[in-house]
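> So that we are looking at the same thing, I have put the structure below in structure tokens.
Every number in this text was worked out from the coordinates using simple rules, so none of it is lab data. A quick note: this is a predicted structure, and the numbers were derived from the prediction, not measured. Cβ placement follows ideal geometry from the backbone for every residue including glycine, while neighbour counts extend to all protein chains displayed.
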Amino acid sequence: MAAPGAVHEVLAALPLVDHHCHGAVTADLDAGRFESLITEGAAWPGVSPFDSPVGVAVRRHCAPLLDLPRHAPPADYLARRSALGWQEVHRRFLTASGAEVFCVDTGYAPHPLTTPAELAAAAGAAAREVVRLEQLAEAVAARGVEAGEYAAVLRTAAEEAVRRPDVVAVKSVAAYRTGFALAPERPADAEVTRAARHWLARGGRLTDPVLVRHLLWTAVDLGLPLQLHTGFGDADVTLHRADPALLTDWLHRTAGTIPVLLLHCWPYHRQAAYLATVFEQVYLDVGLALHYTGPARCRAVLEEALEITPFRKLLYSSDAYGVAEFHHLGALCFRQGLADLLQDRVDADELSLADALRIAAWTGRDNARRVYGPLVSEPARDPSGRPARKV
């Protein structure tokens, strides 16, 4: 039997690769703005996000980092946060996350956010960029393009974007725009031109199914790992259309091309686990669900995700956005939940300690290094060029 807590000790000290997250808001937040950022819904009258699993987790596990007692009342928490100022709040929580590399989706910014470099500097870590394809397509449309030239111009813009020195992946939010019940084959050039003509005349967000399919196939051509939002999100997603199992036919057609990383996944993490089991190119995480379920239930989510998933296929992600608390809370939930379940299996002699420690390292860091390659695996440096925490 393993020594008590051996897995916990190793996971607590493991530098993580947060393979999908966002920046934190670069401003002090009043009560209303803070509450709006700790929910995927809204701060409705009489219903505070502090009175939810994630709100309770913030008060229990984040308050001590602000020099407050555990379970501090919301008013005290917000007052202390404001007194410290957002820069110090960011430093404390980002450092506490223990991440050595952040892979940052820069394509969603309704608020002023830290850049990847600013996030890295606050954490004493490194950061890499994830390019969001829908934002790229909408920027091409906004600059003005003829329908017949749309595909070529988009391809050029995408190739230029992924050549930026710190870009490690691309991402699509097709789950939000159309859902995954898309025709799986690559659209013909004439289809793309016809769809582009209608979209460019209409304007607005990219929601045309043909053009969303075209984005997914453009990602295949670019050759970088593709991150796909699946499952849980805000009210803009129609949840049953975000089931990753709907991608099955497309995954058959793209076998042998690029890694496909299914993000978040809850409540479809079991479907995602199936896909990761039967398709070589598929990986998953349960980011976002970790801090929204909190330490009280994150183990259950991880346990379900690992029921059949090959251990080299699960990655760590916080999907933190807006408040730096979520970078810390996501990491804390991951470390604690995974350590609890692995240690129990070791204690029950269902897993050797050596195997448990390998799984912990693979999931928290090494699987991401394997998927994303040298930009994540090489020694991290902060923006001044000094070595950050050892990778």
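> Plugging the Kirkwood radius over Cα pairs into Stokes-Einstein for the range 182-305, at a temperature of 10 °C and a viscosity of 1.306 mPa s, what D comes out in µm²/s? Provide the component values of the computation, followed by the final result.
Values: Rh = 15.7 Å.
The estimated diffusion coefficient comes to 101 µm²/s.
> Of Ala360, Ala139, Ala99, which has the largest mean-square fluctuation in a 10 Å C-alpha GNM of the chain?
Sorting by GNM fluctuation, first place goes to Ala139.
> In addition: Just to confirm the filter: which trypsin sites (Lys or Arg not before Pro) across the range 1-70 are DSSP coil and have at most 13 other Cβ within 10 angstrom of their Cβ?
Passing sites in the range 1-70 are Arg70.
> From the backbone phi of the range 350-365, what are the Karplus-calculated ³J(HN,Hα) couplings (6.51 cos²θ - 1.76 cosθ + 1.60, θ = phi - 60°) in whole Hz, Gly and Pro given as x?
Working through the residues one at a time gives 8, 8, 6, 4, 4, 5, 4, 5, 5, 4, 4, 5, 4, 6, x, 8 Hz.
> With a 10 Å cut-off between alpha carbons and a GNM built on the chain, which of Ala126, Ala24, Ala63 moves the most?
Ala63
> With θ set to phi - 60°, apply the Karplus curve 6.51 cos²θ - 1.76 cosθ + 1.60 along the range 269-274 and write out the HN-Hα couplings as whole Hz, x wherever there is a Gly or Pro.
In residue order, the calculated couplings are 5, 6, 5, 4, 4, 4 Hz.
> Another question about this same structure. Between Ala142 and Asp51, what FRET efficiency comes out of the Förster formula 1/(1 + (r/R0)^6) with R0 = 35 Å and r the beta carbon distance, rounded to 0.05?
The computed FRET efficiency comes out at 0.30.
> Report, by chain and number, residues whose modeled amide H sits under 5 Å from the one on His20, excluding near sequence neighbours (fewer than 5 apart, same chain).
Cys103, Ser318, Asp319
> Per the helix-only calculation at 222 nm, which mean residue ellipticity applies to the chain, given -39500 (n - 2.57) for every DSSP H run of n ≥ 4 and division by its residues, nearest 500 deg cm²/dmol?
About -13000 deg cm²/dmol.
> What does the convex hull of the Cα atoms come to per residue for the range 32-84, in Å³?
74 Å³
> What is the diffusion coefficient of the chain in µm²/s, taking the Kirkwood radius over Cα pairs and the Stokes-Einstein relation at 37 °C with a viscosity of 0.692 mPa s?
153 µm²/s
> Ordered by residue, what ³J(HN,Hα) values in Hz, to whole numbers, does the range 61-77 give under the Karplus form 6.51 cos²θ - 1.76 cosθ + 1.60, where θ = phi - 60° and Gly and Pro are x?
Calculated HN-Hα couplings, in order: 9, 9, 3, x, 6, 9, 6, 10, x, 4, 6, 4, x, x, 4, 5, 4 Hz.
> If you don't mind, there's one more thing I want to ask. For helix 209-222, report the angle its Cα long axis makes with the longest principal axis of the Cα atoms of the chain; keep it between 0 and 90° and round to the nearest 10°.
On a 0 to 90 degree scale, this one is about 70.
> Could you list Ile38, Ile258 so that the one with the fewest beta carbons within 10 Å of its beta carbon is first and the one with the most is last?
By the 10 Å Cβ count, ascending, the order reads Ile258, Ile38.
> I need the shape label for the range 192-259. Rule: rounded when a/c is under 1.5, else prolate if a/b > b/c, else oblate, with a, b, c from the alpha carbon gyration tensor.
Verdict is oblate for the range 192-259.
> How big is the antiparallel share of DSSP beta bridges in the range 1-134, given as a percent to the nearest 5?
10 percent
> Estimate the FRET efficiency between Glu307 and Arg33 by the formula 1/(1 + (r/R0)^6), using the beta-carbon distance for r and 45 Å for R0, to the nearest 0.05.
0.70
> Pull up all non-local amide H partners of Thr106: gap of 5 or more, or a different chain, and H-to-H distance under 5 Å with H placed in the peptide plane.
Val130, Arg132
> Also, quick follow-up: Report for the chain the percent antiparallel among DSSP-assigned beta bridges with both residues inside it, nearest 5.
Working: 2 of 28 bridges.
The antiparallel fraction comes to roughly 5 percent.
> Moving on. Under the rule that a partner needs its Cβ under 4.7 Å from the first Cβ, which Cys of the chain have none?
Cys21, Cys62, Cys103, Cys265
> Follow-up question, since we're still on this one. For the range 279-374, rounded, prolate or oblate, judged on the Cα gyration tensor with a ≥ b ≥ c (square roots of eigenvalues), a/c < 1.5 rounded, else prolate if a/b > b/c?
Because a/c hits 1.5 or more and a/b fails to exceed b/c, the range 279-374 counts as oblate.
> Right, here's the next one. Subtract the Cα-Cα distance of Ala300 and Ala157 from 0.36 nm times their separation in residues, and report this length gain in nm to one decimal.
Net length gain for the segment: 47.3 nm.
> Related question: If each residue of separation counts as 0.36 nm, what is the full-extension length gain between Leu65 and Ala42 once their alpha-carbon separation is subtracted?
Taking 0.36 nm per residue and subtracting the Cα distance, the gain is 5.7 nm.
> Related question: Quick one: among Gly148, Gly124, Gly179, which has the greatest mean-square fluctuation in a GNM of the chain with alpha-carbon springs under 10 angstrom?
Gly148
> For Gln227, list long-range residues whose amide hydrogen, built 1.01 Å from N in the peptide plane, is under 5 Å from its own amide hydrogen.
When sequence neighbours closer than 5 places are left aside, the close amide H contacts are Val170, Lys171, Ser172, Leu261.
> Oh, and also: For the range 67-148, which chymotrypsin sites (Phe, Trp or Tyr not before Pro) pass both filters: DSSP loop (anything but H, G, I, E, B) and at most 14 other C-beta atoms within 10 Å?
Within the range 67-148, no chymotrypsin sites (Phe, Trp or Tyr not before Pro) qualify (loop, at most 14 other Cβ atoms within 10 Å).
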